[in-house]
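Here the structure comes first, spelled out in structure tokens, and everything after it is commentary.
The values are calculated or read from the model by the stated rules, or taken from the named source; none is laboratory data. Because the structure is predicted, anything quoted here is derived from the model rather than measured. Heads up, the Cβs are rebuilt from the backbone with ideal geometry, glycines too, and the neighbour counts pull from every protein chain shown. Surface accessibility is based on the protein's heavy atoms, side chains included, excluding ligands, DNA and RNA. Shrake-Rupley method; radii C 1.70, N 1.55, O 1.52, S 1.80 Å.
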Amino acid sequence: MRLTLSRAALASTMLAATLGASLLLATSAGAATTLGASAAQTGRYFGTAVSAGKLGDSTYVSILDREFTMVTPENEMKWDATEPNRNQFTYTGGDRILNQAVSTGKRVRGHALLWHQQQPGWAQSLSGSDLRQAAINHVTQVATHYKGKIYAWDVVNEAFADGGSGGRRDSNLQRTGNDWIEAAFRAARAADPGAKLCYNDYNTDGVNAKSTGIYNMVRDFKARGVPIDCVGFQSHLSNSAPSDYQANLQRFADLGVEVQITELDISGSNQANAYAAVTRACLAVARCAGITVWGIRDTDSWRTGENPLLFDGNGNKKAAYTSVLDALNAGGTTTTPTTPTTTPTTPTTPAGNGCTSSVSLNSWNGGFVATIRVTAGSSALSGWTVTTTLPSGAAVTNGWNATNTGTSGSVAWSNVSYNGSVAAGQYTEFGFQGTGGADGITSTCAAR
């Protein structure tokens, strides 16, 4: 049967159809026309570095609010900014960025707890055990202040040397002992168990000696139960990414850690294509959690005159922006997020006025790592001693965050200067590595 509509009815029908189509397109496009929304389609984030001093710039803030879902403070959470004088902490700049991010539904990457640069003058003058204690105390205090508010911390930044050795960078931190990175990660985990803990570096974008040195460290950490959840690739590039960029991300992901592109900026005439290639590489690696560009507009970049970002100095979208958006909207693998690594602990009876201790073990054939948690009872601790009893044949080879008497049988551990004070009901942790079997290790705690 043929139906005939009046002109008015036909016009009304066509208008409704047009409006409906327009609304559908607007709704669909609106969910995928910003960097953050487009990245979210595959479970990823798209973030930027932010300076607190620019939060009064309306153009800057408008782009920040619209485009990004993750924020990294450029300098406001670094050592010189948060502890300008020893044991005197200030969080004004970092808190301002965090509060602005949270108020607009964004998450925050903490950057960076320990770095050989941007240390306050008083830390630069320290060395040896004094510097080690100050550094671990700094990690503990800052991570505790932001506990539960940080998605991931760059716990250690740029600790490996450039060149062909694949070894560590010489620095005052490195000269405190080769285990300083491990100690920092353990302290960060104790202070904020919910934050993902990352190692972050540059010139590691392809498979080379430096990235392989870091790869070997991460593999060792994973094997020994050192808490590491992610690796950051800064990706300060010119014209293109290395041809093995994706393969390099994948080999780290295969270790069971999350990979994050943390400081992306690309200069050169091939900028748009290079940005798209990096984005596609992240999308192809299931454990690539997201991308952060290091700044918003070209005029905000630390690479003065190179114009390496996605927006020009006036806040206009560049060709590189469009290439990234198109790559994100083309889709890729859905992320396989990691969660902060934890190890079951031996249960203890709640403490009264004293303290209790519990043991977490990561063991393998011929060796182990033990993490000891010291929990205060109903009163705060001003100091503590833990006695661990090792099985026959087991021996301590090294420890951190405590001093020990003895290496086998009954071993006494005492707090160091920065972790003797524990608030009522709270805890601190120390650990040690050993040889032999780990089964049957026990611990008892006494306040002092």
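Brief remarks follow.
- Residue match in region 414-431 (condition: assigned to a strand (DSSP E or B) and farther than 12 Å from Val374 by Cα): no
- Hits in region 149-207 (condition: free of Cβ contacts under 8 Å to residues at least 40 places away in the same chain and among the acidic types (Asp, Glu)): Asp170
- Criterion: within 18 Å of Thr442 (Cα to Cα), of a type in the set (Ser, Thr, Tyr) and surrounded by fewer than 19 Cβ atoms within 10 Å (Cβ to Cβ) - qualifying residue of Thr371, Thr389: Thr389
- Residue satisfying condition, being hydroxyl-bearing (Ser, Thr, Tyr), within 20 Å of the chain's Cα centre (by Cα) and either surrounded by 22 or more Cβ atoms within 10 Å (Cβ to Cβ) or closer than 24 Å to Ala281 by Cα (or both), within set Tyr146, Tyr215: Tyr215
- Residues in region 218-271 that are of a type in the set (D, E, K, R) and open to solvent by 30 Å² or more (accessible area, probe 1.4 Å) were compared, and the one that is farthest from the chain's Cα centre (by Cα) is Asp244.
- The residues in region 353-371 that are among the polar types (S, T, N, Q), in a strand (DSSP E or B) and either at pLDDT 70 or above or more than 13 Å from Pro391 (Cβ to Cβ) (or both) can be counted, and the count is 6.
- Residues in region 129-143 that are open to solvent by 50 Å² or more (accessible area, probe 1.4 Å) and in contact (Cβ under 8 Å) with a residue 12 or more places away in the chain: Ser129, Gln133, Gln141.
- Considering residues of region 192-212 that are part of a strand (DSSP E or B) and out of contact with any Lys or Arg (no Cβ under 7 Å at 6 or more places or on another chain) only, the residue most open to solvent (accessible area, probe 1.4 Å): Lys196
- Among the candidates Gly94, Gly110, residue that is closer than 25 Å to Tyr60 by Cα, modelled with pLDDT of 95 or more, in a helix (DSSP H, G or I) and under 18 Å from the mean Cα position of the chain (by Cα): Gly94
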